[in-house]
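Coordinate-derived values only; no laboratory data. Everything quoted here is computed from the prediction, not taken from an experiment. We place every Cβ from the backbone using ideal geometry, glycine too, and count neighbours over all the protein chains shown.
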Amino acid sequence: MLLKTALNLDQFRSAFRAGGFHSIVIKAAGGHFIVTAQPRTGRRVTLATTHGGKVRSFRNPAKAIEILHRLGAHKVEIDTSAWSPAQAEAESRKRPDTAERQRRAHEAAVHDAWFRQQVALAMREAGDPGAKWTSQAEAKRQSAVKRAAWLAGSAARRKAKG
């Protein structure tokens, strides 16, 4: 006899694979869905979160079906009698940052493509037999000249400001 009424996914999987469930139901509860199972003996059990043991709810029953299918549960009942589309809409997450996140992802992808193009160009130039190479000593000298000019300009701007 099962003493727990909420099982995490590993426990639920073990019980299912051991043949411990008579039936599995995806049941609507307002704006979300929960997974319950009727054991061969004992009280109905509910799928719970892995951490905390709280009832695991799904906004989209397709995700619950996907998880159950991966477990090997290919025959499940779906009870939508207590489903409320209006409540589902009210409970849905609002993500005002989505547009900003997508904009940043697009910018990152554009930058990544540009960077890869620059690396490919540099590799082609480096592989050219007529490529002119600069020694490390010369590169350090040129860098020192540029840095000194930048520092001098910076100091002049600070003096001008006051």
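Using Cβ point charges alone (K and R +1, D and E -1), the dipole size of region 6-91 about the Cα centre works out to roughly 340 debye. Beta bridges from DSSP with both residues in the chain: antiparallel share about 70 percent, rounded to the nearest 5. For R158 and T98, a Förster radius of 41 Å and the Cβ-Cβ distance give a FRET efficiency of 0.40, rounded to the nearest 0.05.
Net charge dipole, region 43-162: roughly 780 debye, given to the nearest 20, about the Cα centre with Cβ charges of +1 for Lys and Arg and -1 for Asp and Glu. Note on region 6-91: antiparallel DSSP beta bridges, both residues inside, total approximately 70 percent of the bridges counted. Only one residue of A62, F12, I24 has its Cα farthest out toward the positive end of the dipole of region 6-91, where Lys and Arg carry +1 and Asp and Glu -1 on Cβ, and that residue is F12. Note on H69 and R40: their simple-model spin labels are 2.8 nm apart, each label 7 Å out from Cα toward Cβ. Using only Cα coordinates, the Kirkwood hydrodynamic radius of region 1-100 works out to 14.3 Å. Taking the helices alone, the chain has a mean residue ellipticity at 222 nm of -17000 deg cm²/dmol, built from -39,500 (n - 2.57) per DSSP H run of at least 4 residues and averaged over all its residues.
Measuring r between the beta carbons of R59 and H106 and using R0 = 30 Å, the FRET efficiency lands at 0.70.
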